[in-house]
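Novice: Structure in structure tokens, see below.
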């Protein structure tokens, strides 16, 4: 059996047959892998059903006057949030993991492409279209190269 790996200082490898004729390779990292924090929930305020919100966010005088201030605040907050969850839609909060090949060069190429696209979208002239295509070509080339190199 031949195993070719690059040993790094923060990596530990072990070969244990575990009673089998096949050798499994266990690789563990000494440093923890950074996790992407989940996104905060957002609201789509352009797609609000205001009538539903008004009917469900009914804050009564009993909610505010009964008990302590902390109780009143929590009751009003929960009432507003439950009405908002029912009346206002939210975009997906799916975590998007960063691309390992994305770097500063890719970022700048994408930025130039977006600038040219926005100029062409606002002022759709043949010159702006040519400028957009000229900005898009190197961006695509850079992205392909970085993907291949990673």
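Novice: FRET efficiency for residue 105 and residue 47, Cβ-Cβ distance as r, R0 = 41 Å, nearest 0.05?
Specialist: Computed FRET efficiency for residue 105 and residue 47: 0.65.
Novice: Could you tell me the largest-minus-smallest coordinate of the C-alpha atoms of segment 40-150 on each of the three principal axes, in descending order and whole angstroms?
Specialist: Largest to smallest, the principal-axis extents are 66, 37, 20 Å.
Novice: Also: Per-residue counts of other Cβ atoms within 10 Å, averaged by peptide: what ranking do you get for 84-91, 49-56, highest first? Intermediate values should be presented prior to the final figure.
Specialist: Working: 84-91: 14.5, 49-56: 12.4.
Averaged packing, sorted descending, gives the order 84-91, 49-56.
Novice: Return the whole-Å distance between the Cα centroid of segment 67-81 and the Cα centroid of segment 90-150.
Specialist: 46 Å
Novice: Quick one: length gained pulling residue 89 to residue 112 fully straight, 0.36 nm per residue minus the C-alpha distance?
Specialist: Working: separation 23, 0.36 × 23 = 8.28 nm, distance 3.28 nm.
Between residue 89 and residue 112, full extension yields an extra 5.0 nm.
Novice: On full extension of the chain, what length is gained from residue 58 through residue 78, given 0.36 nm per residue of separation minus the C-alpha to C-alpha distance?
Specialist: 6.1 nm
A short reminder: the numbers here are calculations on the coordinates, not readings from a lab. Remember, predicted model here, so these are calculated numbers, not experimental data. We place every Cβ from the backbone using ideal geometry, glycine too, and count neighbours over all the protein chains shown.
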